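*Asks:* Following this message is one structure expressed as structure tokens.
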Amino acid sequence: METITLGKNVPTVPPLCIGTWAWGDKLFWNYGSDYGPEQLQAAFTAALEAGVTFFDTAEVYGMGLSEKFLGQFIKQTTQPVQVATKFGPLPWRFTGQSVSDALTESLKRLQLERIELYQVHWPFAFFLSQETLMNTLADEVQRGRIAAVGVSNYSAAQMREAHQILAVRGVPLAVNQVRYSLLTRQVESSGIIATARELGVTILAYSPLAQGLLTGKYTPENLEKLSGARKIDPKFGKEGLEKIAPVISLLREIGEKRDRTPAQVALNWLIAQGNVIPIAGVKTAEQVKQNAGALGWTLNNDEIAEIEKITRPWLN
Ligand SMILES: NC(=O)c1ccc[n+]([C@@H]2O[C@H](COP(=O)([O-])OP(=O)(O)OC[C@H]3O[C@@H](n4cnc5c(N)ncnc54)[C@H](OP(=O)(O)O)[C@@H]3O)[C@@H](O)[C@H]2O)c1
């Protein structure tokens, strides 16, 4: 499988990442009702079988459960796996030591001594300065507990600042993890994508399927299938679905010619932008297998342009 080097440095990862926010989460997703540990174990196994060995988690997902599941599953395999997790800059964490302590706890839950990527989950850090934060992360790279440093939800200016602080320490800013899909293209109009390219920062695209919308499986007729917080999201209401219908039709039309699903076309379009790795959230082995089918082929230039054109209303 083709691999991508994160930022300008190690590590190397596949061009698709598996998102594990739903692994144990009952606040937004419906863990425990719609799916449970067996489905997650099967999803993990299916990912490894497909060669998609890169997983994104966070200490806050399922209040630690997501990291714990990942740790348990990794223990049962000898296949190399790349793990990205995230530090939450919460108000009571205002020292470098509190960053290192949070990493220690994440590593314990993951049952690992080292992870490939440690990301700052959001830019607002209360009383913890970006200087302290980035310098502590650079210390952790030197210490060998993390291979690369990333940020998440940072604007172009915030990404530049983090990049500069790390550069003084000789550590590249490897990634900025941001919301990016065909139905959320603001990262293009706000300059985040252009700045990331300039700085050599890889974009990890979260919610790349617009939380399921781009699979085309939700229609005004089957909304009762929806579970969790999406039930009250207007994007999943009748009007919201009508608005995106032309996009889904195009993805379906292009997909049918290539024997691909709308989800596979949507993920492939993101990968085709270059320097972008989608993080597709999954709950089952079937979803993993389908999403892995976004790899190993490429949309042609006309298809890429046609999809770009129809999704321009979602640039702002
Ligand atoms: N850094 C951040 O602030 C941040 C924020 C959000 C997410 N993330 C990361 O990004 C990952 C992905 O984002 P996300 O979960 O919000 O959205 P997503 O990847 O766009 O959508 C995931 C959901 O779509 C459905 N789905 C996925 N693949 C499918 C397939 N092949 N066929 C049918 N349905 C499919 C599943 O839900 P149903 O089956 O229930 O429809 C799944 O839970 C997260 O797991 C997390 O790692 C990061």
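Any read-out appearing in this document is the output of simple, stated calculations on the displayed coordinates, not a laboratory observation. It should be emphasised that the depicted structure is a prediction, and the values quoted were computed from it without experimental measurement. Glycine gets a Cβ as well: all are built from the backbone with ideal geometry, and neighbour counts include every protein chain shown.
*Asks:* What's the Cα-based Rg to Rh of the stretch 91-150, Rh via Kirkwood?
*Replies:* Numbers: Rg = 10.9 Å, Rh = 11.6 Å.
Across the stretch 91-150, the Cα-based Rg/Rh ratio is 0.94.
*Asks:* So what's the projected area for the stretch 70-212, the Cα convex hull averaged over all directions, in nm²?
*Replies:* 9.2 nm²
*Asks:* Under the rule of at least 5 residues apart or a separate chain, name every residue whose amide H is placed under 5 Å from the amide H of Q119.
*Replies:* For Q119, whose amide H was placed from the backbone, the distant partners under 5 Å are T85, K86, F87, G150.
*Asks:* State the percent of C-alpha pairs, over all pairs in the stretch 183-254, separated by a distance greater than 17 angstrom.
*Replies:* Working: 1345 of 2556 pairs.
Beyond 17 Å sits 53 percent of the P(r) for the stretch 183-254.
*Asks:* What percent antiparallel are the DSSP beta bridges of the chain, to the nearest 5? Spell out each step's value before the answer.
*Replies:* Values: 3 of 34 bridges.
Taking every DSSP beta bridge with both residues in the chain, the antiparallel ones total about 10 percent.
*Asks:* What Kirkwood hydrodynamic radius, in Å, does the stretch 221-285 give when the mean of 1/r is taken over all pairs of distinct Cα atoms and then inverted?
*Replies:* 13.7 Å
*Asks:* For the chain, which longest stretch is free of loop sites, where a loop site is one of the GluC sites (Glu not before Pro) that DSSP puts outside H, G, I, E and B and that has at most 16 other Cβ atoms within 10 Å?
*Replies:* Values: sites that count: E2, E113.
By the stated rule (loop sites, at most 16 other Cβ atoms within 10 Å), 114-316.
*Asks:* Normalised by the residues of the stretch 175-295, what does the relative contact order come to in percent, with Cα pairs under 8 Å and at least six apart? All intermediate terms of the calculation are to be shown ahead of the outcome.
*Replies:* Details: 145 pairs, mean separation 34.6, N = 121.
Worked out over the stretch 175-295, it gives 29 percent.
*Asks:* Right, something else. Along the stretch 187-196, what does the Karplus equation 6.51 cos²θ - 1.76 cosθ + 1.60 (θ = phi - 60°) give for ³J(HN,Hα), rounded to whole Hz, x for Gly and Pro?
*Replies:* Taking θ as phi minus 60°, the curve returns 4, 6, 6, 8, x, 5, 5, 5, 5, 4 Hz for the stretch 187-196.
*Asks:* Once the Cα atoms of helix 238-258 and of the chain are each reduced to a long axis, what angle between those two axes, in degrees from 0 to 90 to the nearest 10, is obtained?
*Replies:* It works out to around 80 degrees.
*Asks:* I'm checking a number: the convex hull volume of the Cα atoms of the stretch 2-100, normalised per residue, in Å³. What is it?
*Replies:* Spread over its residues, the Cα hull of the stretch 2-100 gives 128 Å³ apiece.
*Asks:* Could you tell me which chymotrypsin sites (Phe, Trp or Tyr not before Pro) in the stretch 246-316 are loop residues by DSSP with no more than 13 other beta carbons within 10 angstrom of their beta carbon?
*Replies:* Passing both the DSSP loop test and the Cβ count: W297.
*Asks:* Using the Kirkwood radius over C-alpha pairs as Rh, can you work out the diffusion coefficient of the chain via Stokes-Einstein at 10 °C, viscosity 1.306 mPa s, in µm² per second?
*Replies:* 80 µm²/s
*Asks:* For helix 301-310, what angle does its Cα long axis make with the longest principal axis of the chain, in degrees from 0 to 90 and rounded to 10?
*Replies:* 90 degrees
*Asks:* Also: To test your reading of the geometry: what angle, between 0 and 90 degrees and rounded to tens, separates the Cα axis of helix 130-143 from the longest principal axis of the chain?
*Replies:* The angle comes out at about 80 degrees.
*Asks:* Taking N as the number of residues in the stretch 143-226, what is its alpha-carbon radius of gyration divided by 2.2 N^0.38 Å?
*Replies:* 1.39
*Asks:* So, one more: Can you give the Rg and Dmax of the stretch 174-301 based on its C-alpha atoms, in angstrom?
*Replies:* So, for the stretch 174-301, Rg and Dmax equal 14.8, 46 Å respectively.
*Asks:* Tell me, how many Å apart are the Cα centres for the stretch 71-100 and for the stretch 30-63?
*Replies:* Here the two parts' Cα centres lie 16 Å apart.
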